[in-house]
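Notes follow the structure.
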Amino acid sequence: MELSVILSQIENENDEEIERILHEYNTENCRTFSFDKKEEDARIRLCRALLGVLGRVAPPRCQSTCLETLRILSRDKRVLGPVSTREGILTLAGLARVGRDAPRGTGGEEQEQEQDEEDEEEEERVVVEALKCLCNVVFNSTQAQQVGAEVQLAQGLCASLQAAGAGAAPHEVGLFSLRLLFLLSALRSDVRALLRKEPRVLALLTDVLERALDVHWAGPYEVAPPDPQAPPIPSQENERAMEALKALFNITLSDSSDEDAERQLRLLVAIMRHLLLLRTHTEEKTEEAHSHAINLLSNIPSSCLDVLIDVPTQPGPEEYGGKNLAVIQVLLDFMEKRVDRGSNYKEGLTPVLSLLAESSRYHREIRRYIKARVLPPLKDVSSRPEIGTTIRNKLVRLMTHVDMGVKQSAAEFLFVLCKESVDNLVKYTGYGSAAGLLLSRGLLAGGRGETQYSDDEDSDTDEYKEAKPYINPITGHVEEPGANPMEEMTEEQKEYEAQKLVNMIDQLSRQQLIKPMGVRKDGTLAPLEETVRALRCADHSSDSDSD
């Protein structure tokens, strides 16, 4: 349909004709995501004209049709100028009832006046379409993001959700309100900081999760266990919970030392524990829910993570201090599944590795439980640590991954399980795999990290003690003895080969293809000349002392 025809009809201000012609345009373009650049000016004029219709009094059906057209147009970043203004954002926010009371007919309150059910549905459709438009415009326009921050759009969304009773708003109204809140908090750091300073925002989103996940409290920070016979989380409730979790992830990126905020965070940890033990209507959605829960937990201070295992009414084995570690096993299973997937490690695997590492660093029972499953006592050391199908083998392979973030996360996790002992890490992974982490931590010469751990000792198996003298510390396993290539050489031949090697290294060094390095006393790397000079100075000093 020609845009000029639509523009001429809008100028006539005949609401019925506007609705008819826009409905036709919407039907034709509902799946259009790329637009003709030649018609860019016409689409900009159409956006401006639609805002004019929406700014005056018009029937709800005409408003919702105009908003649907505007939503289609807002897929094109180049035509959002008129919509990204203060006037445009405020017009859409007014139609979305952002900052106002909940839409009529929701929240369980009595109607102040009788209203036809069809009209109620149309009004709700206006709210939903306006929210969808705002989501598109905010996502595609930095100017709209700036205006949204200036008019406190995020705070208005929280107020409207609060007025509607958080999770009691109609599904799509609540869903797109939460999605818009997520976008604003993701794209604007100042919005995140402002929302983080408001404890009521955490409380509001916590309430959304409680309603969506049907949470029943059994104690101050303990959710009653899910009924094994209970049906999975319904699809709509799961969708709202996921949007709330994404918004919470953004908001908790900012630090806050507020005492009430810490209480809210501990409540969130309890709800995340509950969510990790739940299942949704599909396995794919269950994994997605667990992924969002793990992302959020990775933002929570380690001091609050004791809530994951401190479940008084469901005690665990005495071996682990009576702590309930069921959710830790869920996290381990999730981690191994992501490792086995073999793709998207950076986004899919590193959050759970970081979470397990931090919780293990500060909670002894968690560390002991995980180590028993990831790094059990060594018995067979005939194969290299990276070869095999155990979780240890898989994680050691990741320690030499091409992605620096993945490599560091896997190495840090194993290092924490070894109580940050270089000797223990090398024992389980081999020096070659551990070298990257040890270099970054300045521990190439051995030693321990800075964190203090309990004094419980790691006992070696008899099999390991017997094989230990024959283990190659670089590869981490017992190698088959090979033929000595210098066995039949004369002393002159050995000297010739040694000099040849020195000359090759010198040539590569002069061409700056390699740079010979040595290890300082503090375990960090330095150019070989510097370390040799330091050794000579140390020898000279000791000779002077002896004299």
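The values are calculated or read from the model by the stated rules, or taken from the named source; none is laboratory data. Predicted model, so just to flag it, every value in this text is computed and none were measured. Positions of Cβ are backbone-derived with ideal geometry, glycine not excepted, and every protein chain shown enters the neighbour counts. Ligands, DNA and RNA are stripped out before the accessible areas are found, and what is left, the full protein with its side chains, is counted by its heavy atoms. Shrake-Rupley method; radii C 1.70, N 1.55, O 1.52, S 1.80 Å.
In region 410-453, which residues are among the hydroxyl-bearing types (Ser, Thr, Tyr) and over 30 Å from the mean Cα position of the chain (by Cα)?
Tyr431
Which numbered condition in (1) open to solvent by less than 50 Å² (accessible area, probe 1.4 Å); (2) at pLDDT 90 or above is the only one that Ala164 fails?
The single condition Ala164 does not satisfy is (2).
Of the residues that sit in region 330-367 and are in contact (Cβ under 8 Å) with a residue 60 or more places away in the chain, in a helix (DSSP H, G or I) and open to solvent by 20 Å² or more (accessible area, probe 1.4 Å), which one is nearest to Leu275 (Cα to Cα)?
Pro351
Which condition number does Val83 fail, the rest of (1) modelled with pLDDT of 95 or more; (2) open to solvent by less than 40 Å² (accessible area, probe 1.4 Å); (3) within 21 Å of Gly174 (Cα to Cα) being met?
Checking Val83 against (1) modelled with pLDDT of 95 or more; (2) open to solvent by less than 40 Å² (accessible area, probe 1.4 Å); (3) within 21 Å of Gly174 (Cα to Cα), the one that fails is (3).
Output the residues belonging to region 500-547 that are more than 50 Å from the chain's Cα centre (by Cα), open to solvent by 70 Å² or more (accessible area, probe 1.4 Å) and at pLDDT below 80.
Correct list: Arg536, Cys537, Asp539, His540, Asp543, Asp545, Ser546, Asp547.
Mind listing whichever residues of region 247-260 are crowded, with 19+ Cβ neighbours inside 10 Å and not in a loop (DSSP other than H, G, I, E, B)?
Ala247, Leu248, Phe249, Asn250, Ile251
Return the residues of region 281-305 that are open to solvent by 40 Å² or more (accessible area, probe 1.4 Å), part of a helix (DSSP H, G or I) and farther than 22 Å from Arg240 by Cβ; say none if nothing qualifies.
Ser303
Looking for something of a type outside the set (S, T, N, Q) and touching a Pro at 6+ places or on another chain (Cβ under 7 Å) - is there at least one such residue anywhere in region 358-380?
No - not one qualifying residue is present in region 358-380.
When both residues are 6+ apart or on different chains and their Cβ atoms are under 9 Å apart, which pairs have a first residue that lies in region 518-542 and is part of a helix (DSSP H, G or I) and charged (D, E, K, R), and a second that is at pLDDT 75 or above and open to solvent by less than 60 Å² (accessible area, probe 1.4 Å)?
Glu529/Pro516; Glu529/Gly518; Glu530/Gly518
Inside region 126-163, can you point out the residues that are in a helix (DSSP H, G or I) and either hydroxyl-bearing (Ser, Thr, Tyr) or on the phi > 0 side of the Ramachandran plot (or both)?
Listed by number, the residues that qualify are Thr142, Ser160.
Among the residues of region 231-248, is any in contact with a Gly (Cβ under 6 Å, 6 or more places away or on another chain), over 25 Å from Ser409 (Cβ atoms) and modelled with pLDDT of 90 or more?
yes
Sort out which residues of region 443-454 are exposed (fewer than 14 other Cβ atoms within 10 Å of the Cβ) and either more than 19 Å from Glu358 (Cα to Cα) or of a type outside the set (Asp, Glu) (or both), and write them in order of number.
Listed by number, the residues that qualify are Ala445, Gly446, Thr451, Gln452, Ser454.
What is the number of the single condition among (1) in a helix (DSSP H, G or I); (2) under 17 Å from Leu3 (Cα atoms); (3) touching a helix residue (DSSP H, G or I) at 6+ places or on another chain (Cβ under 9 Å) that Phe35 does not meet?
Only one criterion is unmet by Phe35, namely (1).
For region 427-485, how many residues are hydroxyl-bearing (Ser, Thr, Tyr) and in a loop (DSSP other than H, G, I, E, B)?
Count: 6.
Can you say whether Gly388 is more than 22 Å from the chain's Cα centre (by Cα), surrounded by fewer than 20 Cβ atoms within 10 Å (Cβ to Cβ) and among the small types (Gly, Ala, Ser), as far as the supplied structure shows?
yes
Restrict the check to region 12-29 and report whether at least one residue is among the aromatic types (Phe, Trp, Tyr) and assigned to a helix (DSSP H, G or I).
Looking for residues that are among the aromatic types (Phe, Trp, Tyr) and assigned to a helix (DSSP H, G or I), one finds at least one in region 12-29, hence yes.
Do we have Thr400 as part of a loop (DSSP other than H, G, I, E, B), open to solvent by 10 Å² or more (accessible area, probe 1.4 Å) and under 12 Å from Ser433 (Cβ atoms) here?
In short, yes.
Residues are listed down the side, and each one gets a yes or a no for (1) surrounded by 12 or more Cβ atoms within 10 Å (Cβ to Cβ); (2) without any contact (Cβ under 8 Å) to a residue 24 or more places away in the chain; (3) out of contact with any Gly (no Cβ under 6 Å at 6 or more places or on another chain); (4) closer than 21 Å to Gly88 by Cα:
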position	(1), (2), (3), (4)
Asn12	no, yes, yes, no
Ile18	yes, no, yes, yes
Ile21	yes, yes, yes, no
Glu28	no, no, yes, no
Phe33	no, no, yes, no
Glu39	yes, no, yes, no
Arg45	yes, no, yes, yes
Leu51	yes, no, no, yes
Cys62	yes, no, yes, yes
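Whether any residue in region 169-188 is within 21 Å of Cys47 (Cβ to Cβ) and not aliphatic (A, V, I, L, M) is what I want to check.
yes
Return yes or no: is Leu175 surrounded by 23 or more Cβ atoms within 10 Å (Cβ to Cβ) and part of a helix (DSSP H, G or I)?
no
Exactly one of (1) open to solvent by less than 80 Å² (accessible area, probe 1.4 Å); (2) farther than 19 Å from Leu356 by Cβ; (3) touching a Pro at 6+ places or on another chain (Cβ under 8 Å) is unmet by Tyr428. Its number?
With respect to (1) open to solvent by less than 80 Å² (accessible area, probe 1.4 Å); (2) farther than 19 Å from Leu356 by Cβ; (3) touching a Pro at 6+ places or on another chain (Cβ under 8 Å), Tyr428 is out only on (2).
Yes/no matrix, rows are residues, columns are (1) of a type in the set (Asp, Glu); (2) farther than 22 Å from Gly449 by Cβ:
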| site | (1), (2) |
| --- | --- |
| Val330 | no, yes |
| Val339 | no, yes |
| Ser343 | no, yes |
| Glu358 | yes, no |
| Arg361 | no, no |
| Val374 | no, no |
| Asp380 | yes, yes |
| Thr389 | no, yes |
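Return yes or no: is Thr69 modelled with pLDDT of 95 or more and among the polar types (S, T, N, Q)?
Yes; evaluated as a whole, the condition is true for this residue.
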